[in-house]
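Novice: Take this structure, written in structure tokens, and hold onto it; I'll ask about it next.
The numbers here are math on the coordinates, done by the rules we state, and not lab data. Here the structure is a predicted model, which is why all the values come from computation and not from measurement. Using ideal geometry, Cβ is built from the backbone for each residue, glycine included, and neighbour counts are taken over all protein chains shown.
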Amino acid sequence: MASFWPGGSPAAGVADAPANRGPTQMLDEHRLTPASISKLEVHGAPNTRRALLDHVLGPLVADSAAPGTTLGQVLDRIGDATRKLSRFDIFKEEGFNVFLSEAPRPEGAPPADRTDLEVAINVKEKSRLVFTAGTDFGNAEGSAYTNAIARNIFGGAETLSINASTGTRTRSAYNATFSTPVNNNPGLRLSLEALRSATQKPWASHEERLTGGNVRLAWLTAARDTHTLSYASVWRQLTGLSATASPTVRADAGDSLKSAVTHTFVRDRRDNPMLPQSGYLFRAVSELAGWGPLQGDVSFAKTELEAQSNLPLPLRGASLGAGFRFGLLYPLPTGYSLTGPAQPSRINDRFQLGGPTDVRGFKLGGLGPHDGADAVGGDVFAAGSVSALLPLPRTGPDSPLRLQLFANAGRLVALSTKPSAKAKGKAGKAEGQDRDGLALDSAAVFKSVKSAVGELGNGLPSLAAGVGLVYAHPAARFELNFSLPLVLRRGEEGRKGLQVGVGISFL
């Protein structure tokens, strides 16, 4: 029978195992030898619940009792179990040690047909309370933050994180997140978050304030794909308009309530997310807001797709990459109807395109519809890029510094918001559904979306090319590029010359 002794002392003989017969020697010489686990102990986990350890390590002992189990299989399963424990993020990576020894046999007992093992797993728990302060980098924004983390609160790998930050665009942001594994499974995690933030958006002459919360369920599949399903309810305030704010921005100013369900799928097979040399990425985000039981005063379906592929070149350290993004926002009527009047999208729900981490060679929000100097966003976009990363002389192919040659293009289109007479009549009977008399009936919405998608291929997209330096830091990717806009549509804003990009996701 197996026994789990969290925080206990190793059994006699386990400490001597490396000198007598280490796991590597046993694996090399006797991998096909029949074996089972007679005792398993865990040391160094006094704050971790027994149930969590049993969930991970219990099957290890039970499976070893099956006829035909070999020593090689036992060792492989021990490795899988320790890796699973590390995914709870409550143990130090360097603190894992596994010691094996043969279980003692009674004197004079006949030879056994299999080797009985005693296994001792030593771990080191991470600090339960952590306070950090520093700087953070996201796409086109830097910030200073303070963060307090309470880890393994109830002994089941629960985490409470409280964060406060201020940055170049986000004037203030506060959020508290409680996260816990579901059924002691590190690949299935539930999170609850409350947030409040104020973000300046100078490309559209306003500030957006958010107050709300969300609940997320994230899981990892056997194929190493990640899924995240979330529900969020957020009160949004479009305020702080500048004196030069356009009529479009002023029309959307004020309060709105967004209630939405979002699903995110990610398959990442890149060898290095910050400086990929090979592999591919696929990401799909689908959002449904305001329709059916979701309520709120905005209603739409929104989809965004991203694909990236990287191939190594014959020159060591050199690679060729290509990326593509597509997004579509489809206005929906509120309630359960699919044929009622739908309001056009708001500026804080539309896509923005352009910037040093997006379509390089253009200002933030530089592509797509503008009202005066304001980038008011669009409902349909497509963007693509090709790039080559080359090692610099004297730096070597393993250096995080690369020379980059790139070309990228994009197109952002807004839906037509001219309402039909039929929609005006329906909207007049449905109080609260019409915003400034711009409601569209279902046929008009479909026609407008179809026209906008077709417009993506009408003429050349906005295009830029350039050369620059890329530095891949573990926390973020830094780019210094010289960009030259080659195709610029009327009203769009290019950026000729140097651009600095800092982020974790680049086109």
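Novice: I'd like to know how segment 264-359 sits against the 2.2 N^0.38 Å rule of thumb: what's its Cα Rg over that expected value?
Specialist: Taking the Cα Rg and dividing by 2.2 N^0.38 Å, one obtains 1.48.
Novice: Treating the beta-carbon of each Lys and Arg as +1 and of each Asp and Glu as -1, no other charges, what is the dipole magnitude of the chain about its Cα centre, to the nearest 20 debye?
Specialist: Computed charge dipole of the chain: roughly 1400 debye.
Novice: Turning to a different aspect of this structure: Do any of 258/363; 447/496; 302/496; 92/201 go past 30 Å between their Cα atoms, and which?
Specialist: Cα-Cα > 30 Å for 447/496; 302/496; 92/201; rest within.
Novice: Which value results when the Cα radius of gyration for the chain is divided by 2.2 N^0.38 Å?
Specialist: Expressed relative to 2.2 N^0.38 Å, the Cα Rg reads 1.21.
Novice: Hey, another quick one. Using modelled amide H (1.01 Å from N, peptide plane; none on Pro or chain starts), what sits under 5 Å from the amide H of residue 392, excluding residues fewer than 5 places away?
Specialist: 403
Novice: Show the residues, 5+ positions off or on another chain, whose built amide H is closer than 5 Å to the amide H of residue 279.
Specialist: 310
Novice: I've got another one for you. Determine, for each peptide in 284-293, 165-174, 377-386, the mean count of other beta carbons within 10 angstrom over its residues, then list the peptides with the highest first.
Specialist: By packing density, highest mean first, the sequence is 377-386, 284-293, 165-174.
Novice: Continuing with the same structure: Kindly provide the helix-only [θ] at 222 nm of the chain, computed as the sum of -39,500 (n - 2.57) over DSSP H runs of four or more divided by all residues, to the nearest 500 deg cm²/dmol?
Specialist: Mean residue ellipticity, 222 nm, calculated: -4000 deg cm²/dmol.
Novice: Something else now. Please give me, ordered by residue number, the trypsin sites (Lys or Arg not before Pro) of segment 308-385 that lie in loop per DSSP and have at most 13 other Cβ atoms within 10 Å.
Specialist: Within segment 308-385, the qualifying trypsin sites (Lys or Arg not before Pro) (loop, at most 13 other Cβ atoms within 10 Å) are 316.
Novice: Return a whole-number percent for the relative contact order of the chain, with Cα pairs under 8 Å and 6 or more residues apart as the contact set.
Specialist: Contact order relative to length: 9 percent.
Novice: Beta carbons within 10 angstrom, averaged per residue: use that to sort the peptides 62-72, 78-88, highest first.
Specialist: Peptide ranking by packing, descending: 78-88, 62-72.
Novice: Can you compute the charge dipole magnitude of segment 327-400 about its Cα centre, using +1 on each Lys and Arg Cβ and -1 on each Asp and Glu Cβ, nothing else charged? Give it in debye, rounded to the nearest 20.
Specialist: The dipole magnitude comes to about 160 debye.
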